[in-house]
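What follows is a set of notes on a single structure, which appears directly below.
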């Protein structure tokens with residue numbers, strides 16, 4: 001999705017509707033999630049005092065790996081976000097939440113911002129379920145499915161054994 005900055009600057013104060021549906025958004029490998037299905041972005045944009053303000057509603061389905069057993073964790077997302085874009089040459093201090101754009105730009109691609117916002121609302125260490133047992137550190141068996149055949153004892157982190165003794 002590209003926001004038409006030229007059109008916004010021609011009519012300061014006018015509110016423009018935004019409604020985009022991405023059939024699929026690609027996510028860079030450095031992100032710890034992927035997007036499944038469509039991503040819907042709707043809202044409005046306005047140019048005022050050299051800044052571009054966006055009020056957006058983002059709907060998507062993100063898929064992450066469980067931080068213990070590597071199973072898929074599917075997260076349906078639906079939230080609203082307010083963004084502010086200031087011109088790069090504004091000279092003054094930017095608001096902490098403001099992004100920048102070049103005054104020479106005629107369009108502003110929102111895709112990288114949308115992907116970044118999605119990454120920001122996801123759990124940093126997702127779990128497939130609260131009592132996930134994880135993987136066997138010896139053979140890699142998913143302990144949620146059943147005991148492993150390697151016979152390793154799963155008593156938790158041995159470095160914490162002293163603390164466990166104190167709690168008895």
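General remarks:
- The number of residues in the stretch 144-159 being more than 13 Å from residue 68 (Cα to Cα) and surrounded by 11 or more Cβ atoms within 10 Å (Cβ to Cβ) comes to 5.
- Matching option when the condition is at pLDDT 90 or above and more than 30 Å from residue 142 (Cβ to Cβ), among 49, 55, 72: 55
- When 37, 13, 43 are checked against the criterion of being at positive phi, in contact with a strand residue (DSSP E or B) (Cβ under 9 Å, 6 or more places away or on another chain) and modelled with pLDDT of 95 or more, a single residue qualifies: 43.
- For the stretch 125-162, a tally of residues being free of Cβ contacts under 8 Å to residues at least 24 places away in the same chain and in a loop (DSSP other than H, G, I, E, B) returns 22.
- Matching residues, the stretch 114-143, being modelled with pLDDT of 95 or more, surrounded by 13 or more Cβ atoms within 10 Å (Cβ to Cβ) and more than 30 Å from residue 23 (Cβ to Cβ): 132
- Top-ranked residue in the stretch 1-15 [being assigned to a loop (DSSP other than H, G, I, E, B) and over 18 Å from the mean Cα position of the chain (by Cα); ranked as surrounded by the fewest Cβ atoms within 10 Å (Cβ to Cβ)]: 13
The values are calculated or read from the model by the stated rules, or taken from the named source; none is laboratory data. Worth saying up front: this structure is predicted, and the values here are computed from it rather than measured. Cβ coordinates were reconstructed from backbone atoms using ideal geometry, including for glycine residues, and neighbour counts include every protein chain displayed.
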